[in-house]
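Just below is one structure, and these are the notes that go with it.
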Amino acid sequence: MQSEKEDEEDASPEEYLALCSFTGSDSDQLTFSSGDRLLVHVKTSSDWWWAELQGDKGYAPACYLRQGATEEVEDASLEDPWQDEEYFGSYGTLRLHLEMLSDKSRTKAYQQVVLSNSASLRSKVVMDLGCGTGIISLFCAQLAQPSVVYAVEASSMAEYTRQLVKQNGCEEVVTVLQGRAEEIELPEQVDILVSEWMGNCLLFEFMVESVLLARDRWLREGGVMWPSSAALTLVPCQANSYFAENMAFWERPYGLDFTPLQPLAQQEFFTKPKFSHLIEPDDCLSTPCDVIFLDMYTLKVKDLEEIEGQFQFCVKKSGFFHGFTAWFTVYFESLEAEGAAVELNTGPDSEPTHWKQTLFMLDRPVSVNAGDSISGSVLLRRNPIWRRHMTVTLHWKINGNTQETDNCQVGTKSFPMWR
């Protein structure tokens, strides 16, 4: 594959600066550190470029590279590391709000939280952070009797949220504030901070940072966080259909040998996570387990830079180990004495949500048998430059427990999560 790329290389490669470090998980991927200067020979796609570093050649993720001097990159004022214009711009249109409001599992979970705690919410001060169209604020106003709900929204949707509050007769309870959580001013501390901050693989887009900053600034001592805690769940899985559609397809389409395209297919389809994946319970090779747990009362912003979890799976059924599937669950503690917590689970045994699940494909499937063990770790590392992005790194070891798989296989793969 490398020789094929060399045939395509530009006569005059362009120099790019690495914005942050990257560890290649495949023999065709470069490993480099922040500040390294790479020569880009071929821009093979919008996501991956064929580059060179100190004589070594391989693929590099395009979003990690930029042309220009080091001083320019280090000057944070030249770029918005939060990409607020793009991020909040997307929430200023109806497309995402339609998707979220149409997600009945998500929306009814928040409605149930308010309804089951309505008595305890009476006369309380509530902040609804990132309120969007204000649905949670309206639930609070109509199903409980808080003294006030501060509905905070940074996008231009806030203008319409004010109209919706008035249209539903809740303007005496709900006050809409437009602005970032880090910048808004409230006249008082709040008793409850509620937010729907979760992204793909729980943390993607890192809205959770705004929630933590608002908590530290505005939540009174003894106040309540909704969600109160969160867990990221992982399971080794089969993905026969996805593998067949994107990799096996190239073996003999229309009776022709297209296998030279398989390395390109692997690079294009398997190097990034597959969002909006729906795993069938039968495709789980083991019992899922929680690998990361977040306590929303004690979690700190600095903790978000790197979060690591361990796993130990016992394979329950023989099959092909294609990768890992991840999803999350959030928990809302009850304000009522001996009240039950409300749970929002985005896994395959619950009603599908707009998040669905996230699939991380191995470069090639591994045959496993019942009784084998798959152990390792998952690391969520925040991008040091682009603050809403992250890289998920999986380390795994397969220990065979039968004569056919009486060996040990070790693997590592990093998945950049960006749009």
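The values are calculated or read from the model by the stated rules, or taken from the named source; none is laboratory data. Here the structure is a predicted model, which is why all the values come from computation and not from measurement. Every residue, glycine among them, receives a Cβ derived from its backbone with ideal geometry; neighbour counts consider all protein chains shown. Heads up: the accessible areas ignore ligands, DNA and RNA and are worked out on the full protein's heavy atoms, side chains in. Shrake-Rupley method; radii C 1.70, N 1.55, O 1.52, S 1.80 Å.
One residue stands out in region 235-284 among those that are under 20 Å from Gly319 (Cα atoms) and small (Gly, Ala, Ser): the one that is surrounded by the most Cβ atoms within 10 Å (Cβ to Cβ), namely Ala239. Within region 181-200, the set of residues being among the charged types (D, E, K, R) and touching a residue at least 60 places away in the same chain (Cβ under 8 Å) comprises Glu188, Asp191, Glu196. For region 216-224, does any single residue satisfy the condition of being on the phi < 0 side of the Ramachandran plot, more than 25 Å from the chain's Cα centre (by Cα) and of a type in the set (Gly, Ala, Ser)? So far as region 216-224 goes, yes, one or more of its residues are on the phi < 0 side of the Ramachandran plot, more than 25 Å from the chain's Cα centre (by Cα) and of a type in the set (Gly, Ala, Ser).
Criterion applied to Thr329, Thr353 was being open to solvent by less than 30 Å² (accessible area, probe 1.4 Å), farther than 17 Å from His395 by Cα, part of a loop (DSSP other than H, G, I, E, B) and not acidic (Asp, Glu), and the one residue passing it is Thr353.
Restricting attention to region 137-154, does a residue exist that is closer than 27 Å to Thr346 by Cα and within 22 Å of the chain's Cα centre (by Cα)? Yes, because at least one residue in region 137-154 is closer than 27 Å to Thr346 by Cα and within 22 Å of the chain's Cα centre (by Cα).
Leu203 satisfies every condition listed in (1) touching a residue at least 60 places away in the same chain (Cβ under 8 Å); (2) more than 30 Å from Arg381 (Cα to Cα) except (2).
Restricting Glu343, Glu308 to those that are in contact with a Leu (Cβ under 7 Å, 6 or more places away or on another chain), of a type in the set (Asp, Glu), assigned to a strand (DSSP E or B) and at pLDDT 95 or above reduces the list to Glu308. Within region 173-184, not a single residue is in contact with a strand residue (DSSP E or B) (Cβ under 6 Å, 6 or more places away or on another chain), open to solvent by less than 30 Å² (accessible area, probe 1.4 Å) and in a helix (DSSP H, G or I). Taking Thr329 as the residue in question, decide whether it is under 20 Å from the mean Cα position of the chain (by Cα) and under 27 Å from Leu212 (Cα atoms). Judged against the criteria, Thr329 is a match.
Of the candidates Glu209, Glu153, the single residue that is open to solvent by 20 Å² or more (accessible area, probe 1.4 Å) and touching a helix residue (DSSP H, G or I) at 6+ places or on another chain (Cβ under 9 Å) is Glu209. Residues in region 386-419 that are modelled with pLDDT under 95, β-branched (Val, Ile, Thr) and buried (at least 18 other Cβ atoms within 10 Å of the Cβ): Thr405 only.
Taking region 191-201 as the range and being more than 18 Å from Gly132 (Cβ to Cβ) and either open to solvent by less than 20 Å² (accessible area, probe 1.4 Å) or modelled with pLDDT under 95 (or both) as the test, only Cys201 passes. Among the residues of this structure, Gly339 does not count as one that is in contact with a strand residue (DSSP E or B) (Cβ under 9 Å, 6 or more places away or on another chain), in contact (Cβ under 8 Å) with a residue 12 or more places away in the chain and small (Gly, Ala, Ser). Scanning region 364-381 for residues that are in a strand (DSSP E or B), open to solvent by less than 30 Å² (accessible area, probe 1.4 Å) and either at pLDDT below 95 or more than 20 Å from Met417 (Cα to Cα) (or both) returns Val366, Val368, Ser373, Ile374, Ser375, Gly376. A single entry from Ser276, Ser286 fulfils the requirement of being of a type in the set (S, T, N, Q), assigned to a strand (DSSP E or B), touching a strand residue (DSSP E or B) at 6+ places or on another chain (Cβ under 9 Å) and in contact (Cβ under 8 Å) with a residue 24 or more places away in the chain: Ser276. Only residues that are under 30 Å from Ser414 (Cβ atoms) and either open to solvent by 30 Å² or more (accessible area, probe 1.4 Å) or in contact with a Leu (Cβ under 7 Å, 6 or more places away or on another chain) (or both) were counted across region 213-234, and they come to 4.
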